[in-house]
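Trainee: Encoded as structure tokens, here's the structure I'll be asking about.
The values are calculated or read from the model by the stated rules, or taken from the named source; none is laboratory data. For clarity, every value in this text was computed on a predicted model and none was experimentally measured. Note that we place each Cβ from the backbone using ideal geometry, even for glycine, and neighbour counts take in every protein chain shown. Protein only, heavy atoms only, side chains kept; ligands, DNA and RNA dropped before computing areas. Shrake-Rupley method; radii C 1.70, N 1.55, O 1.52, S 1.80 Å.
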Amino acid sequence: MTDNPHHLATPSGKPRVRSFGIGFDGTPGPFNAITDVPGVAVGYATLISGDGPLVVGKGPVRTGVTAILPRPRADLATPVFAGIFSQNGNGELTGSHIIEETGAFNFPITITNTHSCGVSRDGTLRWMQRVLPTALDSAWGLPVAAETYDGFLNDINGHHLTSEHVAQALDDANGGPIEEGSVGGGTGMITFGFKAGSGTASRIIGWQGNSYTVGAFVQSNFGKRRNFTLRGLRAGSELAEPAIREGTPRAEKGSIIAVVATDAPFLPHQMKRLARRVPLGVAMTGGFGYHSSGDIFLAFSTANPAAALAPSGRIATADFIPDTDIDPFFDAVIQTVEESILNALAANDDMTGRDGNFVPALPKAWLKEEFGLIEKFD
């Protein structure tokens, strides 16, 4: 059992999955978060208001936006080498075409609900124009914005997210420990029939005397209860209760977005290889990429900034770890994605949204019985 308090609880005191006595492979970073990768920051804007019957445009509101800065604010115009992988493309991640073409992107990443993806994309450009105007003086931008569906709990057609909320999440982005669960874009999200949303984890990998970090962040909104698996325990059938309560019928519209970051030097094709391992971490929890699930994954490296800028007229050089030594980083991706999903479930409470639709939290009493919950989270 770790004695690092950041591994056991979020800054607000929500329990993380390790607090339940559950063990994981690999060595987490100081915060066990994507922000263990130097220069990476995360911010949220969370919108929760209203109760009762849905009135489109008024609520109830259970949504938000998450911002991930791949570099420090002053360096956001510098590209990062990147790769994407779509396990099941029933979803959206803007900027994907240029990432496929050039193996890189710049500017922050945002994640929100399905019908606010355009707002978060455009809000990012407005924010960049304010905080780093030279990046757009004589150039164009194609920010990365992703989405999952929160319409069971949220007035998704009310379009409550604004550019101001996007700017708030971007302005509030910081390193260090971060909140998880029903915050930011994850506010209205559901996983395996339990309340979920935002989750993160990290691993430290040693290579040739150097120490590198792999961090993952997920917006988790997928899966059928019967398939839920926790560290090899097929728990879904045991956890038929507590059940979702449907004031309105719930359609299967789940998805998962995962962002993997590392400071290890890798080339774009290697970042795509890391992104391709994300589904293995999802599968460890019981996610099988069903038809309606948008399972879209992005991986980026903060290394080689000079090569990513690729100035005209000169040979660009880049460091990279050889493919023959990449396996420990595959392990780290799978481990961090699995733990990130479980953190999104653990750091959560019951939520009631539009029309009285109710989603229970993963039962803490069951976790205590199965794994030995630390008493402070009773």
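Trainee: Among the numbered criteria (1) over 30 Å from Asp150 (Cα atoms); (2) without any contact (Cβ under 8 Å) to a residue 24 or more places away in the chain; (3) not polar (S, T, N, Q), which single criterion is violated by Ala283?
Mentor: Result: Ala283 fails condition (1) only.
Trainee: Among the residues of segment 312-335, are any free of Cβ contacts under 8 Å to residues at least 24 places away in the same chain, open to solvent by 50 Å² or more (accessible area, probe 1.4 Å), assigned to a loop (DSSP other than H, G, I, E, B) and of a type in the set (S, T, N, Q)? Give the derivation first.
Mentor: Our first condition is that a residue be free of Cβ contacts under 8 Å to residues at least 24 places away in the same chain; within segment 312-335, this holds for 312-317, 322, 324, 327.
Now narrow it down to the ones that are open to solvent by 50 Å² or more (accessible area, probe 1.4 Å): 312-317, 324, 327.
Adding the requirement that they be assigned to a loop (DSSP other than H, G, I, E, B) leaves 312-317.
This time we only want the ones that are of a type in the set (S, T, N, Q), so: 312, 317.
For segment 312-335, residues free of Cβ contacts under 8 Å to residues at least 24 places away in the same chain, open to solvent by 50 Å² or more (accessible area, probe 1.4 Å), assigned to a loop (DSSP other than H, G, I, E, B) and of a type in the set (S, T, N, Q): present.
Trainee: If you check Ala45 against the conditions, is it surrounded by 15 or more Cβ atoms within 10 Å (Cβ to Cβ), touching a His at 6+ places or on another chain (Cβ under 6 Å) and either under 30 Å from Val278 (Cα atoms) or among the hydroxyl-bearing types (Ser, Thr, Tyr) (or both)? Show your work before the answer.
Mentor: Numbers: surrounded by 15 or more Cβ atoms within 10 Å (Cβ to Cβ): yes; touching a His at 6+ places or on another chain (Cβ under 6 Å): yes; either under 30 Å from Val278 (Cα atoms) or among the hydroxyl-bearing types (Ser, Thr, Tyr) (or both): yes.
Considered against the rule, which asks whether it is surrounded by 15 or more Cβ atoms within 10 Å (Cβ to Cβ), touching a His at 6+ places or on another chain (Cβ under 6 Å) and either under 30 Å from Val278 (Cα atoms) or among the hydroxyl-bearing types (Ser, Thr, Tyr) (or both), Ala45 comes out as yes.
Trainee: Just for segment 120-135: of the residues that are surrounded by 15 or more Cβ atoms within 10 Å (Cβ to Cβ) and without any contact (Cβ under 8 Å) to a residue 40 or more places away in the chain, which one is nearest to Ile99 (Cα to Cα)?
Mentor: Ranking the candidates gives Arg121 first.
Trainee: Looking at the structure I just gave you, is Ser202 of a type in the set (S, T, N, Q) and within 18 Å of Arg16 (Cβ to Cβ)? Quick ask: steps written out before the conclusion?
Mentor: Details: of a type in the set (S, T, N, Q): yes; within 18 Å of Arg16 (Cβ to Cβ): yes.
Yes, satisfied.
Trainee: Which numbered condition trips up Ala77, out of (1) in a strand (DSSP E or B); (2) touching a Leu at 6+ places or on another chain (Cβ under 7 Å); (3) open to solvent by 30 Å² or more (accessible area, probe 1.4 Å)?
Mentor: Condition not satisfied by Ala77: (1).
Trainee: Follow-up question, since we're still on this one. For segment 201-224, give me each residue that is more than 19 Å from the chain's Cα centre (by Cα) and crowded, with 18+ Cβ neighbours inside 10 Å. Step through it out loud before you land on a result.
Mentor: So in segment 201-224, the residues more than 19 Å from the chain's Cα centre (by Cα) come out as 205-212, 224.
Listed by number, the residues that qualify are Ile205, Tyr212.
Trainee: For the list (1) more than 18 Å from the chain's Cα centre (by Cα); (2) crowded, with 19+ Cβ neighbours inside 10 Å; (3) among the hydroxyl-bearing types (Ser, Thr, Tyr); (4) within 29 Å of Phe152 (Cα to Cα), I need the number of the one condition that Ser12 fails.
Mentor: Only one criterion is unmet by Ser12, namely (2).
Trainee: Output the residues belonging to segment 161-178 that are outside any strand (DSSP E or B) and open to solvent by 40 Å² or more (accessible area, probe 1.4 Å). Reasoning before the result, please.
Mentor: Applying the first criterion (outside any strand (DSSP E or B)) to segment 161-178 yields 161-173, 175-178.
Of everything in segment 161-178, those that are outside any strand (DSSP E or B) and open to solvent by 40 Å² or more (accessible area, probe 1.4 Å) turn out to be Thr162, Glu164, His165, Gln168, Asp171, Asp172, Gly175, Pro177.
Trainee: Also: How many of the residues making up segment 138-159 are assigned to a loop (DSSP other than H, G, I, E, B), in contact (Cβ under 8 Å) with a residue 40 or more places away in the chain and open to solvent by less than 40 Å² (accessible area, probe 1.4 Å)?
Mentor: 7
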